[in-house]
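Asks: Can you keep this structure in mind? I'll have questions shortly.
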Ligand SMILES: *Cc1c(COP(=O)(O)O)cnc(C)c1O
């Protein structure tokens, strides 16, 4: 008798049922009043008013398919960042591109590397492609180039690095990224996820454009979800070598960027003043939060992005879960990061001035053992 009798119902490919579904940050709070959503790294400034106008302008044309090659958007991105438009591929959020890269370059049994507290989408994309996730240890909640290189085998096909990383907020200086690239075999694809690049104020940081331009195996992904404030529209892009763009363009959805996203994206890129305002807001309130929360005796991981990771003791009544519940009662929604292997921490997005002040006041009361 055959050992491979068909099952009596459709069975997903190996790997699919090993995927823990991605759980987004909560939107609601336990208390009844105003809610401050500080759980998904969204911008407190909202999108550019010009982007909202551009979005609205297409409401009367919803029956038309969008431009599947997003020519105007790619050319706007190319102009803004000084790139070759032919080497830009856009997606339904950068998540779309992270998945497409695995689908194109990782096959059954192939290995994909990311770091211990790396963005959860990497594991999902590798498993969804039938690949084997390989986790490289970090040092001080920061990616460790030697550890990543130590994980490379002849089955390795892809390395995902969020720089800066979510949820830790830490980053690798460009010299380290270059050292990582130099140590990888030429057939291994290095994906630099620069979702938070605009927020970084460090001289030794680079998003990866130079590395993409000068090599055949590096891709940089970017998003309109964070500083541009268009998370709801789902728009991301990547800059990649021509051969990789060709592969992505063969397998992507033919209309994977919708028209409203396309129009709003172009308008958002043009409003450089709005982006600068978001940078200025973050540059003021990120260090303020780090200092104020540290003063409460809580350890805060140094962050260069628009969020901070706050560590709590394990003791009953003082834990991260207790703090999450306490803050939620006051309408302050933070992100529990147990799924990232950080059960004793909460991630806090830099919100409005009001939200920042409320969080610090609430944490002060929480630490003092007050009731919500
Ligand atoms: C938020 C985020 C993204 C962006 O995802 P989109 O699909 O573009 O909304 C990508 N990578 C990381 C590390 C992120 O935190």
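A short reminder: the numbers here are calculations on the coordinates, not readings from a lab. Nothing here was measured: the structure is a model prediction, and the numbers come from that model. Positions of Cβ are generated from backbone atoms using ideal geometry, with glycine treated the same way; all protein chains shown enter the neighbour counts.
Asks: Pop a pseudo-label 7 angstrom from the Cα along the beta-carbon direction at both residue 8 and residue 147 and give the gap in nm to one decimal.
Replies: Taking the simple label geometry, residue 8 and residue 147 are separated by 4.7 nm.
Asks: Take every DSSP beta bridge whose two residues both sit in the chain, then give the antiparallel share in percent to the nearest 5.
Replies: Here the antiparallel bridges make up roughly 50 percent for the chain.
Asks: Compute the FRET efficiency between residue 85 and residue 321 as 1/(1 + (r/R0)^6), taking r as their Cβ-Cβ distance and R0 = 51 Å, and round to the nearest 0.05.
Replies: 0.60
Asks: What order do you get for 279, 124 when you list them from fewest to most C-beta neighbours inside 10 Å?
Replies: In order of increasing Cβ crowding within 10 Å: 279, 124.
Asks: If you take every DSSP beta bridge fully contained in segment 49-271, what fraction is antiparallel? Give it as a percent rounded to 5.
Replies: Roughly 35 percent of the beta bridges in segment 49-271 run antiparallel, per DSSP.
Asks: Roughly how many Å is it from the Cα centre of segment 90-143 to that of segment 25-54, as a whole number?
Replies: One Cα centre to the other: 28 Å.
Asks: Which one, 231, 325, 261, has the greatest fluctuation when you compute a Gaussian network model over the chain with C-alpha springs under 10 angstrom?
Replies: 325
Asks: Mean 1/r over all different Cα pairs, inverted: what Kirkwood radius does segment 49-271 give, in Å?
Replies: 17.7 Å
Asks: Tell me, how many Å apart are the Cα centres for segment 196-226 and for segment 289-303?
Replies: One Cα centre to the other: 27 Å.
Asks: If you take every DSSP beta bridge whose two residues both sit in segment 1-158, what share of them, in percent to the nearest 5, is antiparallel?
Replies: Restricted to segment 1-158, the bridges split so that about 10 percent are antiparallel.
Asks: Any chance you could run the full-extension gain for residue 276 through residue 339? It's 0.36 nm times the residue separation minus the Cα-Cα distance, nm to one decimal.
Replies: 19.4 nm
Asks: A follow-up question, please. What residue among 239, 199, 340 has the largest mean-square fluctuation in a Gaussian network model of the chain, using Cα springs under 10 Å?
Replies: Top of the fluctuation ranking is 340.
Asks: Work out, step by step, the length gained on full extension between residue 210 and residue 291: first 0.36 nm times the residue separation, then minus their alpha carbon distance; give nm to one decimal.
Replies: Using 0.36 nm per residue and subtracting the Cα-Cα distance, I get 25.8 nm.
Asks: Could you please rank 288, 237, placing first whichever residue has the fewest other Cβ atoms within 10 Å of its Cβ?
Replies: The most exposed by this proxy come first: 288, 237.
Asks: Using helices alone, what [θ] at 222 nm do you get for the chain, with -39,500 (n - 2.57) per DSSP H run of 4 or more residues, divided over all residues and rounded to the nearest 500?
Replies: Helix-only estimate at 222 nm: -11000 deg cm²/dmol.
Asks: Right, something else. Within a 10 angstrom radius of the beta carbon, how do 214, 168 rank from fewest other beta carbons to most?
Replies: 214, 168
Asks: Between 332, 235, 45, which gets the highest mean-square fluctuation from a Gaussian network model of the chain, Cα cutoff 10 Å?
Replies: 45
Asks: With a ≥ b ≥ c the root eigenvalues of the C-alpha gyration tensor of segment 127-245, is it rounded (a/c under 1.5), prolate (a/b larger than b/c) or oblate?
Replies: rounded
Asks: Now for a separate question. Between residue 368 and residue 67, how many nm apart are label points set 7 Å from Cα along the C-beta direction?
Replies: 5.8 nm
Asks: Starting from the Kirkwood radius over alpha-carbon pairs of the chain, derive D by Stokes-Einstein at 20 °C in a medium of 1.002 mPa s and give it in µm² s⁻¹.
Replies: D, rounded to a whole number, is 99 µm²/s.
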